[in-house]
Amino acid sequence: MALREIRTYPDPVLRNKTSRIELIDNTLDRLIEDMVETMHAAPGVGLAANQVGVPLQLAVIDLSSREDEEHRHPLLIIINPEILSAEGSVIEEEGCLSIPDYAEKVKRAARVRVRAQDRKGKQFELEAEGLMAKALQHEIDHLNGLLFIDKLSPLKKGLFKRKFKKVLLEKA
Ligand SMILES: [Zn+2]
C-alpha cells in the first residue's frame, strides 16, 4: 500500500469526467487499497479516484468510525456508481480534501438510491440518507468532474474565488 498525492483545486484532473471501469483486476485492487489509506491519512471520509489523479469511476467512503450510530457505516467501495433517484433536500456544511481549508453550506438531496459495483464487480443498490447520502452525492459529483463549490450561489462563489486567489498569492 502507498499514499497517493491528493490533487487540489484547480488541478484540471478534477474537472474531467471519469471513465467506466470494465476490468476489475489486481491493479484496481491496489488502487483501492491506496485510496483507502490516503483517505484515512488525510484524514477524510470520502475520496474519488480522480482526486488521486486516476480518471476512473471509483470512490471510497468510510463512515465506520463515526461516534453517532445513526451515521455509522462500514467502509464502502463504489465502482461505476450512478444515482437512481434522489428525494428531499438538506442544506449542510461540506468540505473537500481537494479544496483544503474551506467549508461552506450546500444544498443536496436528503435521500438517494445508488447503484454501483463492489470491489469484486458485483452490482448492488444502496439507499442512504444523512451523512452517507451527502457523501455519495459529493463523491459521484467528483466522478462527473464536479466540485461542491459549483453548487454555491454566485455571491459565495465570488467570495471563494477571492479567498482562493489570496491563498495562491500567499503561497507564491
Ligand atoms: Zn471532495
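Observations on the model:
- Restricting the range 105-157 to residues that are part of a helix (DSSP H, G or I) and acidic (D, E), the residue that is farthest from the chain's Cα centre (by Cα) is D150.
- Qualifying residue in the range 31-48 (condition: of a type outside the set (D, E, K, R) and under 14 Å from K120 (Cα atoms)): yes
- Selected residue (criterion: nearest to the ligand (Cβ to nearest atom)) from residues of the range 83-102 that are loosely packed, with under 15 Cβ neighbours inside 10 Å and farther than 14 Å from K134 by Cα: P100
- All positions within the range 132-151 that are of a type in the set (A, V, I, L, M), surrounded by 17 or more Cβ atoms within 10 Å (Cβ to Cβ) and within 14 Å of the ligand (Cβ to nearest atom): A135, L136, I140, L143, L147, I149
- Flag if D62 is within 30 Å of K163 (Cα to Cα), at pLDDT below 95 and either in contact with a His (Cβ under 8 Å, 6 or more places away or on another chain) or away from the ligand (no atom under 11 Å from the Cβ) (or both): no
- Hits in the range 1-37 (condition: aliphatic (A, V, I, L, M), open to solvent by 80 Å² or more (accessible area, probe 1.4 Å) and within 18 Å of the chain's Cα centre (by Cα)): L3
- The residues listed here are L159, L126; of these, the one that is at pLDDT below 95, of a type in the set (A, V, I, L, M) and more than 16 Å from the ligand (Cβ to nearest atom) is L159.
- Verdict on H73 being farther than 20 Å from R15 by Cβ and either among the hydrophobic types (A, V, I, L, M, F, W, C) or surrounded by 16 or more Cβ atoms within 10 Å (Cβ to Cβ) (or both): yes
- Criterion violated by V106 - all others in (1) open to solvent by 20 Å² or more (accessible area, probe 1.4 Å); (2) within 16 Å of the ligand (Cβ to nearest atom); (3) among the β-branched types (V, I, T) satisfied: (1)
The values are calculated or read from the model by the stated rules, or taken from the named source; none is laboratory data. A quick note: this is a predicted structure, and the numbers were derived from the prediction, not measured. Cβ coordinates were reconstructed from backbone atoms using ideal geometry, including for glycine residues, and neighbour counts include every protein chain displayed. Keep in mind that these areas ignore ligands, DNA and RNA; they rest on the heavy atoms of the full protein, side chains included. Shrake-Rupley method; radii C 1.70, N 1.55, O 1.52, S 1.80 Å.
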